[in-house]
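Before any comments, here is the structure.
The values are calculated or read from the model by the stated rules, or taken from the named source; none is laboratory data. Not measured: the values here are computed from a predicted model. Glycine gets a Cβ as well: all are built from the backbone with ideal geometry, and neighbour counts include every protein chain shown. Surface areas here come from the heavy atoms of the whole protein model, side chains and all, with no ligands, DNA or RNA. Shrake-Rupley method; radii C 1.70, N 1.55, O 1.52, S 1.80 Å.
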Amino acid sequence: MKHDIPFARPFIGETEEAAALRVLRSGWLTTGAEALAFEKEFREFLQSHGGDAANSGLHCLAVNSATSGLHLALEACGVQSGDLVLVPSYTFTSTAEVVRYLGADPVFVDVAPGTFHINPQALEKTLESLKPLRASGKIPKAVIPVHYGGLPCDMSAIMDIARRHNLKVIEDAAHSFPSLLPAGIAGESDMAGNSPAWAGAIGDVGVFSFYATKTITTGEGGMVVCKDAAIARRISVMRSHGIDRNVWNRYTDTTASWYYEVVEAGFKYNLPDLLAAVGRSQLERAWELLRMRQEIAAAYDAAFANNEHFLLPPTGVGDARHLYPLRLNLPRLRISRNDFIQKLKEQGIGVSVHFIPLHIMPFYKNRYRLAEEDFPETMKSFRQEISLPIWPGMTAAQVEQVITVVKSVAGEYTV
Ligand SMILES: Cc1ncc(COP(=O)(O)O)c(C=O)c1O
């Protein structure tokens, strides 16, 4: 008897349960010792696996979502009202909405053919086209590459463009933990010469997500990573109402514990201990969870390779395999992507689409008068893409069930 297979399911075990219970019984639920320990252990994780040379000066700041983290990152990098920030058209709305939070404007850039990633050539071209706007004070300040699905972008090309155009680089690493690049691949980020680098720790700031469906999860949560101490300090203050001391000190310092100063109108973006404790347990399993996703991806790759109905997802070194974005080879099928999804649903397979492009979303489309045809590769990817279930804990039988159903629908509607 076949059971329904959800699109995503968190991998939560006894250690996560024990961690949550530990906090519930401790008398301290909000941000405190657990959040500090999570930040420390996250930093140690990046250092111990990523090599000291490129990763020793990293600051890690826990936040209540990657969206909050991206907002803090842009703010700390000096993005202000009227500025421009370049973002891919193929991403979740968080990547662009945070630009609006600051009164700045997102400028959308198409993805490179077959990659789901911001196209460095299109980025360069867009930057050239924005030059006449400088006279009116519209200045590109930052770019937010998205490591879609966990596969790192071409950071070498992006860092090079950013340096020449004086842009801050904020990596949207919501999907890409852990994603380690061997020495040399990330270009100039390979600071000390010959160190591996993490996707998310290459640009000025990187932001990971611990949302419920992500590669490690706290239910809701995120981690901001940066090298610059001043940026880290600003993020730390703005994360906590613009108060000059963090919440932990405010309540536990023995001297003048009531005293604090508000130096800016900040935000409330701290990660509570209840969630941080779960994150610490998930962090310990990060490689194990990756290995499980890799096994599922390998089974899908083997099943869908050399099949006229499908195009495999792009993959490569450092792929965290957060998503399995199968693409339908539509000319070989008599069914649309939407109807294909409906057929899978009818047979109990939960799938998703990553992403509905931002330039066709009513808000962005209307505000910036965007046309579908200006982002041809984004539209092509969107029309083909189906994200299959790829969650640690899926049994081999469940993976097989997904493969069988996907192939049978394709077979039924073959041209
Ligand atoms: C590419 C991308 N960026 C940012 C986010 C926001 O993450 P969070 O839910 O932690 O705010 C998401 C969430 O799904 C995402 O897919």
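Could we say that ALA76 is away from the ligand (no atom under 16 Å from the Cβ), closer than 16 Å to PHE267 by Cα and touching a helix residue (DSSP H, G or I) at 6+ places or on another chain (Cβ under 6 Å) here?
Numbers: away from the ligand (no atom under 16 Å from the Cβ): yes; closer than 16 Å to PHE267 by Cα: yes; touching a helix residue (DSSP H, G or I) at 6+ places or on another chain (Cβ under 6 Å): yes.
When the stated conditions are applied, ALA76 passes them.
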Exactly one condition in (1) within 16 Å of the ligand (Cβ to nearest atom); (2) in contact with a strand residue (DSSP E or B) (Cβ under 9 Å, 6 or more places away or on another chain); (3) not basic (Lys, Arg) is false for LEU127; which is it? (1)
Answer yes or no: is there a residue in the range 93-102 that is within 13 Å of the ligand (Cβ to nearest atom), free of Cβ contacts under 8 Å to residues at least 40 places away in the same chain and of a type outside the set (A, V, I, L, M). yes
Count of the range 131-152 residues which are basic (Lys, Arg) and open to solvent by less than 10 Å² (accessible area, probe 1.4 Å): 0
Cβ-Cβ under 9 Å, sequence separation 6+ or interchain: first residue in the range 354-368 and under 19 Å from HIS117 (Cβ atoms), partner among the basic types (Lys, Arg). Which pairs? LEU358/LYS365; HIS359/LYS365
Quick one: which of ASN338, ASN329 is exposed (fewer than 13 other Cβ atoms within 10 Å of the Cβ) and either touching a Lys or Arg at 6+ places or on another chain (Cβ under 8 Å) or not basic (Lys, Arg) (or both)? ASN338
Of the residues in the range 269-302, how many are in a helix (DSSP H, G or I), open to solvent by 20 Å² or more (accessible area, probe 1.4 Å) and within 18 Å of LEU180 (Cα to Cα)? 7
Please indicate, with yes or no, whether at least one residue in the range 376-395 is part of a helix (DSSP H, G or I) and more than 30 Å from ALA212 (Cα to Cα). yes
Could we say that PHE355 is among the hydrophobic types (A, V, I, L, M, F, W, C), surrounded by 20 or more Cβ atoms within 10 Å (Cβ to Cβ), at pLDDT 95 or above and within 14 Å of the ligand (Cβ to nearest atom) here? yes
All positions within the range 369-390 that are open to solvent by 20 Å² or more (accessible area, probe 1.4 Å) and either free of Cβ contacts under 8 Å to residues at least 12 places away in the same chain or of a type outside the set (S, T, N, Q) (or both): ARG369, LEU370, ALA371, GLU372, GLU373, ASP374, PRO376, GLU377, LYS380, PHE382, ARG383
Within the range 200-238, track down each residue that is more than 16 Å from ALA142 (Cβ to Cβ), under 11 Å from the mean Cα position of the chain (by Cα) and of a type in the set (Gly, Ala, Ser). SER209, GLY222
Under 9 Å by Cβ, and 6 or more places apart or on different chains, what pairs join a residue from the range 132-146 that is outside any strand (DSSP E or B) with one that is among the β-branched types (Val, Ile, Thr) and open to solvent by 10 Å² or more (accessible area, probe 1.4 Å)? LEU133/ILE139
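When you go through VAL109, VAL85, VAL63 one by one, which is the residue that is more than 10 Å from the ligand (Cβ to nearest atom), touching a strand residue (DSSP E or B) at 6+ places or on another chain (Cβ under 8 Å), under 27 Å from LEU271 (Cα atoms) and open to solvent by less than 10 Å² (accessible area, probe 1.4 Å)?
Details: VAL109 fails: under 27 Å from LEU271 (Cα atoms); VAL63 fails: more than 10 Å from the ligand (Cβ to nearest atom).
Just a single option satisfies the conditions, and that option is VAL85.
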Could you list, in sequence order, the residues of the range 34-60 that are open to solvent by 10 Å² or more (accessible area, probe 1.4 Å), small (Gly, Ala, Ser) and at pLDDT below 95? SER48, GLY51, ALA53, SER56, GLY57
